[in-house]
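Report on one structure; see the data block that follows.
Quick note: the coordinates plus some simple rules give every number you see, no bench work behind them. A quick note: this is a predicted structure, and the numbers were derived from the prediction, not measured. When we count neighbours, we look across all protein chains shown, and the Cβ atoms used for this are built from the backbone with ideal geometry, even at glycine.
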């Protein structure tokens, strides 16, 4: 084989023509497939707001290039990272081979520089690492067979094509090295081994080997590129834009519906797949079907109908099946799918099962969202079809009439504070912080004890505060997440007006759901406040020495992280710092804790719905907490207190107790603090 030879230099005119035609056909096929998929995406709503491009690019480096979320599971993470990084490296190599065939002899101009040497070395090493990654993937599918994976022939096609790309590259370079081609081949240790094996072969054999490897490499590349849009690995194309264009709003914030300007014929919420926005549709094409979301979802774990991955797959398949009716003649605007999602495509039980805990979203390496889609379908069912679980009706009525889901008298909202001389905002001359008590803190017995405890702590620290009393109404968190956006907006507008009347700028609350709604969703209604959770404020007061927790409490307990305080708002440390500051108290962590903590089952409005299918989420969570070695549980959410406390009773743990962190802190106050 001549030292200077490349495939392009010995392709005949006819061969070169065939390669040009093949390349044009491959590119045309990819362009047609991608344009069709893009047209389907553009059939969705356009109300996607982008910005913060610096943060988006940073995330692209961390989560796309760096594969950060992949390493939540070490072995699969390493496997995928090896294959992914190898693909990035081989993109340059594969493109250069295409140009080589089109130009009859072109090769990368920088190969004889230091940069070229470094590239050749990385390419050679990654060829082997990618093959290692493929081997790990094959082993997992053949031997270990994790339950979360989908087993189909599609995966084997992709793995085979990836392996073919690596092997043919090593074969091509090996043939060149075996023929004595000049160049920086010392920087290709693996290819040099292949070249050594081929050394001594005839020039004709080396030409044939190189030509065959080159053709097979590019055929595999072209087949791969055209196969991807129709396989579950379409994420090879869509993962970069999906990570780049990921939502950057606060994780717990839901979008505001413009109820005042609903156009005739426009669905309230999401009725059909084309009612989703284009970014939500992009999510459907980005799912890798890896199943990471399914193994952490509390509804999947407890055998409910909702399996996050399956929901995405069903929506994606429905979108593809509706392509003909959505994509009309060229030049016309896309149409709408005819079938409704809830009922026709998705079982409504799937839609109502979600607790909105967001563990599925945090576990997804490509930032696919679920809560927004589910809530928007709920909105359609509630607002337009009046189809929702019967148990939600009393809660809706209670929030609408009495300002609380228990349907208790609004006038009794401040009764928990009788005898405590708690200042009302309507009477207080001035106060620094408004204590937003919340419905549970006003009406539920355990919640009232926590409210009293926070009052004692605030007084001991000398914090000037007030409450709204009967003027406070439910924030509407449960109404919004159950799909009753109209009721939520009514409650939000009323509360914002009340808070404006008293000039409130700082709020403290013991309820993570109130915390999330007031901090992240009320700004859409003109209410912008500095909101603190009770544990955050108390932890700060303890750290500053304004609160002294000196009374010993001898007990062992574990701590359950509330979804809306932990995973949604990133607060894990404040409750723990309080518990660790209490003399005599021993905190034992459960295996699933902090960002891995499972939901208690009350989120997403599920507090007010019956759990009729599968096993009970709260009991499953309680069994997880018992793995800490204790059955006593500290909580920082009134809903978690109810769910965990009920689970203890249901499981026959008669001596087990559930207690709020704030209540424990108040019990640990020194005598001077208790007298204030």
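What to note about this one:
- Each peptide among 595-602, 62-69, 151-158 gets the average number of other Cβ atoms lying within 10 Å of its residues, and from highest to lowest they stand as 595-602, 62-69, 151-158.
- Near-label residues of segment 263-288 by backbone N, under 17 Å of a point 7 Å along Cα→Cβ of residue 328: 265-266, 274-275
- Modelled label reach - residue 56, point 7 Å along Cα→Cβ, segment 225-262 residues with backbone N closer than 11 Å: 241-248
- Report note on the peptides 362-373, 542-553, 435-446: ranked by the mean count of other C-beta atoms within 10 Å, highest first, their order is 435-446, 362-373, 542-553.
- Residue separation of residue 32 and residue 118 scaled by 0.36 nm, minus their Cα-Cα distance, works out to 27.3 nm of gained length.
- Rounded to 0.05, the FRET efficiency of the residue 25 and residue 589 pair, given R0 = 51 Å and the Cβ-Cβ distance, is 0.30.
- Between residue 524 and residue 418, the simple spin-label model (points 7 angstrom out along Cα→Cβ) gives 3.9 nm.
- Note that segment 7-236, at 25 °C in a medium of 0.890 mPa s, gets a Stokes-Einstein diffusion coefficient of 124 µm²/s from its Kirkwood radius over C-alpha pairs.
- Part-to-part distance (alpha-carbon centres) for segment 220-252 and segment 282-334, which is given in Å: 14
- Förster-model FRET efficiency, 25 Å R0, residue 203 and residue 103, C-beta, rounded to 0.05: 0.60
- Spatial extent of segment 259-384: Rg and Dmax, with the Cα atoms as the point set, Å: 14.9, 48
- Stretched out straight at 0.36 nm per residue, the stretch from residue 262 to residue 48 would grow longer than its current Cα-Cα span by 75.3 nm.
- Evaluated on segment 265-308, the Kirkwood hydrodynamic radius is 12.5 Å, with distances taken between all distinct Cα atoms.
- Percentage relative contact order, segment 261-326, counting C-alpha pairs under 8 Å, at least six apart: 28
- Extension gain for the segment residue 556 to residue 39, taken as residue separation times 0.36 nm less the Cα-Cα distance, is 180.2 nm to one decimal.
- Relative to the longest principal axis of the Cα atoms of the chain, the long axis of helix 534-543 makes an angle of roughly 90 degrees.
- Prolate/oblate/rounded label for segment 542-582 (Cα gyration tensor, a/c 1.5): oblate
- Here the spin labels are modelled as points 7 Å beyond Cα on the Cα-Cβ line, and at residue 650 and residue 147 they lie 1.9 nm apart.
- Relative contact order for segment 259-384, counting Cα pairs under 8 Å that sit 6 or more residues apart, in percent: 37
- Axis angle, to the nearest 10 degrees, between helix 308-321 and the longest C-alpha principal axis of the chain: 60 degrees.
- P(r), alpha carbons of segment 130-261 - 5 Å bins starting at zero, rounded %: 2, 9, 13, 13, 13, 12, 11, 10, 6, 4, 3, 2, 2, 1, 1, 0, 0
- Residue ranges 309-322, 285-298 sort as 285-298, 309-322 when ordered by packing (mean number of other C-beta atoms within 10 Å per residue, highest first).
- In terms of overall dimensions, the C-alpha atoms belonging to segment 552-675 reach 50, 33, 28 Å along their principal axes, ordered largest to smallest.
- Relative contact order for the chain: 12 percent, from Cα pairs under 8 Å spaced at least 6 residues apart, divided by residue count.
- For residue 250 and residue 321, the FRET efficiency from 1/(1 + (r/R0)^6), where r spans their Cβ atoms and R0 equals 56 Å, is about 0.95.
- Where both bridge residues fall in the chain, DSSP classifies roughly 5% of the beta bridges as antiparallel.
- Note on the chain: the alpha carbon radius of gyration divided by the globular reference 2.2 N^0.38 Å gives 1.16.
- Spherically averaged projected area of segment 392-542 from its Cα convex hull (nm²): 8.2
- Three-way shape call for segment 13-122 based on the alpha-carbon gyration tensor, with the a/c threshold at 1.5: oblate
- Segment 418-501: Rg to Rh, with Rh as the Kirkwood radius over Cα pairs: 1.01
- Listed by Cβ neighbour count within 10 Å, with the fewest neighbours leading, 433, 99, 422 appear as 99, 433, 422.
- Fewest neighbouring Cβ atoms within 10 Å first, the residues 73, 250, 571 line up as 250, 73, 571.
- Nitroxide proxy distance, nm - points 7 Å out along Cα→Cβ at residue 429 and residue 338: 7.3
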